[in-house]
Amino acid sequence: MTRKSAAKPTRALLGRPADPEKCWRREIWTREQAQRVWPTWSQFLIYPKKMRTSANVHTFVGAMAQFNAAAYECLRWARWAEEDEVYVRCPDCNERVWSHGARRGKYRWRCVTKKMYEAHQKAKNYQVGAHSRNGCGGKFYDTKGTPFDTMQAPLGLVFFALYFPAEYIDQSLRVNKLHAQADELSTVLTTLKEPQHAELAVSLRHLAKVFCGTLFLEYQPIMVSEAGRILLQTNIAADDAARAARRAKIQGWKKVISTEYEAIRADVDRLERMDKAQAQRPAASARERTGRYRGLMGTMRRIASAAWFDSDPPSRGR
């Protein structure tokens with residue numbers, strides 16, 4: 001069951017990393033992006049029907065401990081990735097713990113309380129300004145709350161078992177004489193099917209395409225079909241274009257919001273002056289106040305609407 005029992009293949013067995021354009025490399029892959037972009041194994045690899053007896057798959061399975069850091073990065077993406085950041089959240093209080101994107105293996109996080117954060121800042125002679133740290137003070141690993149929290153086998157095996165039919169990976173483990181890991185993986189996959197893990201299972205399945213697809217592209221590119229490579233590149237280009245267009249829209253709306261904010265401040269100032277003048281012109285002031293207030297609320301509703309950013313910004317602010 002220990003990682004020492006895994007065979008450590010040579011560089012010749014794994015192959016040399018491919019050095020094409022590597023358009024698949026990103027700082028963050030979210031669940032939604034992985035779902036849109038990455039092909040399934042049957043779309044991506046050569047001769048998928050022969051994968052059951054493929055020595056390359058057996059080699060990867062036996063070497064999975066070597067890719068531990070990449071596996072945990074994919075786990076963090078599956079659990080906590082947002083549009084441009086990975087916000088690790090405490091499983092007990094759901095507070096954000098840290099913004100994290102670097103590759104590393106299993107990590108123990110600390111959910112920092114307000115008091116702990118301020119004491120740390122003072123100890124470093126940093127200025128303690130406004131902050132949002134208000135955690136519970138607990139410690140947890142990346143795997144807390146998952147079916148593989150206590151798993152001894154490499155985490156990458158879970159991704160491989162979710163990418164390929166699970167029986168292929170079970171057979172590969174037993175070919176490598178890793179029977180204890182095969183039994184442990186079977187238990188994890190069974191637990192992952194339980195209703196409380198349904199959301200995590202979907203995320204892991206999408207990120208499994210990123211983890212496994214990247215390994216094949218970088219260490220066994222000969223197994224990637226030309227059609228699979230073209231499909232991936234096409235999907236990435238389309239996704240990049242869509243993301244760039246959305247960022248351009250958001251930038252345009254930010255300029256609009258700045259203009260709208262100035263107009264809102266002006267409306268608020270006018271309403272305050274009308275309050276003071278109401279005694280002299282009650283009827284006219286009431287009508288004007290109602291019109292100004294309705295316009296102000298309409299602008300506020302537009303700014304607060306999440307769907308607002310999906311439309312094109314106007315050329316002028318108001």
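The values are calculated or read from the model by the stated rules, or taken from the named source; none is laboratory data. Being a predicted model, the structure only gives us computed values, none of them experimental. Note that we place each Cβ from the backbone using ideal geometry, even for glycine, and neighbour counts take in every protein chain shown.
The helices (runs of 4 or more DSSP H) located wholly in region 124-233 that include 3 or more residues which are in contact with a Phe, Trp or Tyr (Cβ under 7 Å, 6 or more places away or on another chain) occupy 156-163, 198-219. Against the conditions (1) surrounded by 16 or more Cβ atoms within 10 Å (Cβ to Cβ); (2) closer than 29 Å to K193 by Cα, C93 satisfies every one except (1). Note on region 214-231: residues that are out of contact with any helix residue (DSSP H, G or I) (no Cβ under 7 Å at 6 or more places or on another chain), over 17 Å from V61 (Cα atoms) and of a type in the set (A, V, I, L, M, F, W, C) amount to 3. Looking at region 36-121, none of the strands (runs of 3 or more DSSP E) lying wholly inside it contains 3 or more residues that are at pLDDT below 85 and closer than 30 Å to Q171 by Cβ. Within region 247-273, residues that are farther than 30 Å from D84 by Cβ sit with their Cβ atoms under 9 Å from residues that are among the charged types (D, E, K, R), at 6+ positions apart or across chains, in these pairs: D267/R292; R270/E288; R270/R289; R270/R292; L271/R289; L271/R292. Filtered by the rule that a residue be of a type in the set (S, T, Y) and either within 22 Å of T40 (Cα to Cα) or under 19 Å from the mean Cα position of the chain (by Cα) (or both), region 140-186 gives Y141, T143, T146, Y163, Y168, S172, S186. For region 201-251, the candidate set comprises residues that are of a type in the set (S, T, N, Q), over 19 Å from F160 (Cα atoms) and at pLDDT 90 or above; within that set, the residue that is surrounded by the fewest Cβ atoms within 10 Å (Cβ to Cβ) is T234.
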